[in-house]
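The values are calculated or read from the model by the stated rules, or taken from the named source; none is laboratory data. Remember, it's a predicted structure, so these values are computed and weren't measured experimentally. Every residue, glycine as well, gets a Cβ built from its backbone with ideal geometry; the counts of neighbours run over all protein chains shown. The area values use the complete protein model at the heavy-atom level, side chains included, leaving out ligands, DNA and RNA. Shrake-Rupley method; radii C 1.70, N 1.55, O 1.52, S 1.80 Å.
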Amino acid sequence: MNNFLNIATYTVGFLFFINGVMWLIYPAASAEALGMSLLSGEGLSTQIGDFASFFFVVGLFILLGAYNKNKYWFYAPIALLLIAAISRCIAYFFHEAAFATQSIMIEVLVACFLLFQVSRKKTP
């Protein structure tokens, strides 16, 4: 069971990390995968910078937590993912955005998985 959970944690971290890298080297494909088009000018700079940093930090911290076996590395990704899910709900309820069911589910499920990992790790 531990090996499966470790592999799952590394896999999730790697996928987020690669997604962040892809925002830097091929933003058009990354935007398309998220159902959006690329902006232009300063909007493009913000879009690439914000999305790359979000995915990169979430992935890197998950990988660090998996490698070091220290649960405190998981707290930042948990917060980022849950706040992203809450923000999507706010966008739907108050700003006429489409309800991003799939994205919200992924964010909440990964955050819950990381919370589970935190609950089973001992503090060093």
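Looking only at region 90-121, how many residues end up being open to solvent by less than 40 Å² (accessible area, probe 1.4 Å), under 16 Å from residue 12 (Cβ atoms) and aliphatic (A, V, I, L, M)?
Looking only at that region, the number is 4.
Tell me, please, whether a residue that is open to solvent by 60 Å² or more (accessible area, probe 1.4 Å), without any contact (Cβ under 8 Å) to a residue 24 or more places away in the chain and either under 14 Å from the mean Cα position of the chain (by Cα) or under 20 Å from residue 108 (Cα atoms) (or both) can be found in region 37-44.
No, region 37-44 contains no residue that is open to solvent by 60 Å² or more (accessible area, probe 1.4 Å), without any contact (Cβ under 8 Å) to a residue 24 or more places away in the chain and either under 14 Å from the mean Cα position of the chain (by Cα) or under 20 Å from residue 108 (Cα atoms) (or both).
Surrounded by fewer than 16 Cβ atoms within 10 Å (Cβ to Cβ) and among the aliphatic types (A, V, I, L, M): is that true of residue 29 in this structure?
yes
Scanning for something in contact (Cβ under 8 Å) with a residue 60 or more places away in the chain and of a type outside the set (Gly, Ala, Ser), does region 95-105 turn up at least one residue?
There is no residue in region 95-105 that is in contact (Cβ under 8 Å) with a residue 60 or more places away in the chain and of a type outside the set (Gly, Ala, Ser).
Failed condition for residue 83, given (1) surrounded by fewer than 19 Cβ atoms within 10 Å (Cβ to Cβ); (2) among the hydrophobic types (A, V, I, L, M, F, W, C); (3) more than 23 Å from residue 104 (Cβ to Cβ), with all others met?
The single condition residue 83 does not satisfy is (3).
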